[in-house]
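Some notes on the structure that comes next.
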Amino acid sequence: LVARYAMWQAPSVAVALLLDGARPAAGTSSRWLAMGAPSMPSLADTGVAAHPAARVARAAGGLPPLPAAAAEARAVVAGRSADLRLGAEASEGWLRRAPVGEYRVLHFATHALVDARSDAGVALVLAPGDGADGFLTLDEIAALPLRADLVVLAACRTAAGSGRADTPRTLATTFLFAGARSVLATRWPVPDRAAARFVTAFVAAARPGVPLAEALAAAQRARRQAGERSAVWGAFTLVGAGRHTL
C-alpha cells in the first residue's frame, strides 16, 4: 500500500469532510514551535507520583533520556522562523500559557504515555515547573487554542487510545479537536534515533505545495529503500487532513 498510495486517517467521515474543507485561520503566521528532550518529571516527587500518568510511566520502566530528541527538534526548525525550546524550557507550564494559536506547525519530540484503562493516564510528557507537573493530559490539550496546519507527535503510541470506548480519545485526535488540521502520530513504540530519522525525512518531504499525505508516503518509501525496518516507518500515520499542504 505504501508503495502505491498516499494514505491518512480521520476519527470519522464527518470529521474528514470538515477538515478537508477547512481553510487556514486568518492571521496564522508561518512560525514553527519545536519542543524536544524536555527535563523529565521526577516520578519520585510526591506531587507527581500520584498522577495517573506517573503510574503508567513507572509501569513502563520510567522516563529514560531521549538522546536524539534535541537534535531532531533543532533539525526540523533549522532555517525557519521558529521557537525552539529544549530541556527545562520545554515545559508544560510555558506551553499552556503561550500564544499557541500563532504557530503554523508544532513539533514535540518527547515521551508519550498511554493508559489501557483510563483516559486520565494518557499524556504527553513535558518539563515540570511553573505550577505544572509535566504531564500534558488530554483535557489540557483540548483546552489549547490551536490553529496549526500540522502537529508532529514524535513520541510512542500517540495514535493509540485508552481502549475503554468504541471511539477512544487519543493524543492525535485530541490535538485535532483543539484546532489542528493534521497530526503526524505513531501507532506503536518507535526507538528514539529511528523516530528522529523518519520525522526529519517527513519534514524535508513536506515542501510547500506537497500534500501532507504525499510527504508521509515519500518519507516511508525513502526510509524503506534505505533499509529501515517496517516496524519504524510503518508506525507513522497522518491523522486529519491529508490533502492539505504547508
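When the trypsin sites (Lys or Arg not before Pro) in the range 45-116 are filtered for DSSP coil states and for at most 13 other beta-carbon atoms within 10 Å of their beta-carbon, no site remains. Put simply, the amide H of residue 31, placed in the peptide plane, has neighbours under 5 Å in 104, leaving out anything fewer than 5 places away on its chain. Across the range 190-199, rounded Karplus estimates of 3J(HN,Hα) from the backbone phi angles (6.51 cos²θ - 1.76 cosθ + 1.60, θ = phi - 60°) give 10, x, 3, 5, 5, 4, 4, 4, 5, 5 Hz, Gly and Pro being marked x. Here the Kirkwood formula, the inverse mean of 1/r across different C-alpha pairs, assigns the chain a hydrodynamic radius of 17.8 Å.
Counting only protein heavy atoms and a 1.4 Å probe, the chain has 43 square angstrom of accessible area per residue.
DSSP bridge analysis restricted to the chain gives an antiparallel fraction near 40%, rounded to the nearest 5. Helical content of the chain, expressed as a calculated mean residue ellipticity at 222 nm, amounts to -8500 deg cm²/dmol (DSSP H runs of 4 or more residues, -39,500 (n - 2.57) each, divided by residue number, nearest 500). Give me the accessible area of residue 140, 1.4 Å probe, in Å² rounded to the nearest 10. Spelled out: residue 140, probe radius 1.4 Å, area about 50 Å². For the range 77-209, a crude dipole built from +1 on the beta carbon of Lys and Arg and -1 on the beta carbon of Asp and Glu, taken about the Cα centre, is about 520 debye to the nearest 20. The slack between residue 245 and residue 193, meaning 0.36 nm per residue of separation minus the straight C-alpha distance, is 16.1 nm. Other residues lying with their Cβ under 11 Å from the Cβ of residue 148 contribute a combined charge of +2, Lys and Arg counting +1, Asp and Glu -1. Taking amide H as placed 1.01 Å from N in the peptide plane, the amide H of residue 40 sits under 5 Å from none that are at least 5 places away or on another chain. A dipole drawn for the range 109-237 from +1 and -1 charges on Cβ atoms has a positive end, and of 178, 154, 237 the residue lying farthest that way is 237. Net charge dipole, the chain: roughly 800 debye, given to the nearest 20, about the Cα centre with Cβ charges of +1 for Lys and Arg and -1 for Asp and Glu.
The magnitude of the dipole of the range 1-114, with charges of +1 and -1 set on the Cβ of Lys/Arg and Asp/Glu and taken from the Cα centre, is near 160 debye. For the pair residue 74 and residue 130, the difference between a 0.36 nm per residue extended length and the Cα-Cα distance amounts to 17.7 nm. Of the trypsin sites (Lys or Arg not before Pro) found in the range 206-235, those that fall in a DSSP loop while having at most 15 other beta-carbon atoms within 10 Å are 229.
Residues whose amide H falls under 5 Å from that of residue 241, counting only those 5 or more places apart or on a different chain, are 182, 183, with hydrogens built in the peptide plane. Highest mean packing comes first when the peptides 201-209, 175-183 are listed by Cβ atoms within 10 Å, giving 175-183, 201-209.
Treating r as the C-beta distance of residue 102 and residue 16 and R0 as 25 Å, the FRET efficiency rounds to 0.40.
Return the carbon/sulfur percentage of the accessible area of the range 127-246, one whole number, probe 1.4 Å, all protein chains in place. In the range 127-246, the share of accessible area belonging to carbon and sulfur is 51 percent.
The values are calculated or read from the model by the stated rules, or taken from the named source; none is laboratory data. Owing to the predicted nature of the structure, the values given are computational and were not obtained by experimental measurement. As a convention, Cβ positions derive from the backbone with ideal geometry for all residues, glycine included, and neighbour counts pool all protein chains shown. For the accessible areas, the whole protein counts, side chains as well, though only heavy atoms, and no ligand, DNA or RNA atoms are used. Shrake-Rupley method; radii C 1.70, N 1.55, O 1.52, S 1.80 Å.
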